[in-house]
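Only the coordinates and a few stated rules stand behind these numbers; no lab work does. As the structure is a prediction and not an experimental result, all values here were calculated from the model. Backbone-built Cβ (ideal geometry, glycine too); neighbour counts: all protein chains shown.
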Amino acid sequence: MKTLIGEGKPLKRSDDRIVGRGLVRLLDDMEKVITNEVLEEITEFHNQGHNILDIAATFRMDPDFVFVALFHQAREENVTRPFGYRIS
């Protein structure tokens with residue numbers, strides 16, 4: 001898995017931010033488990049050029065979950081077609 005930690009330029013954070021306001025659990029409302037076969041099929045559809053909404057409709061899944069699945073696959077270097085762009 002490739003990570004980008006440390007590759008960017010750190011930003012100046014506000015000195016007047018409030019610390020200790022609690023934690024936020026990200027994606028708590030989303031299913032986080034998928035079979036390997038379905039994950040591979042989603043990735044294959046994406047790599048063939050199909051869009052996330054059509055893939056989601058095919059599997060009756062939330063498009064956000066399909067995006068997260070593809071994000072996972074991109075981190076594992078299994079996505080051959082871009083689905084997100086870094087603007088620098």
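Just one of (i) 14.1, 45; (ii) 18.4, 62; (iii) 16.6, 48 is Rg and Dmax of the Cα atoms in Å calculated from these coordinates, so which is it?
Checking each listed value against the structure points to (iii).
Relative contact order for segment 35-88: what percent, with Cα pairs under 8 Å and sequence separation of 6 or more?
37 percent
Compute the helix-to-body angle for 63-75: its Cα long axis versus the longest principal axis of the chain, expressed 0 to 90° and rounded to tens.
80 degrees
What angle, in degrees between 0 and 90 and rounded to the nearest 10, separates the Cα long axis of helix 36-47 from the longest principal axis of the Cα atoms of the chain?
Relative to the chain, helix 36-47 is tipped by roughly 90 degrees.
Residue by residue through segment 8-13, which ³J(HN,Hα) values in whole Hz follow from phi under the Karplus form 6.51 cos²θ - 1.76 cosθ + 1.60 (θ = phi - 60°), with glycine and proline marked x?
Values, residue by residue: x, 9, x, 8, 6, 8 Hz.
Per-residue counts of other Cβ atoms within 10 Å, averaged by peptide: what ranking do you get for 74-80, 16-22, 29-35, 40-46, highest first?
Highest-to-lowest ranking by the protection proxy: 40-46, 74-80, 29-35, 16-22.
Mind checking the full-extension length gain between residue 27 and residue 57? Use 0.36 nm per residue of separation minus the Cα-Cα distance, one decimal, nm.
Extra length available between residue 27 and residue 57 comes to 8.8 nm.
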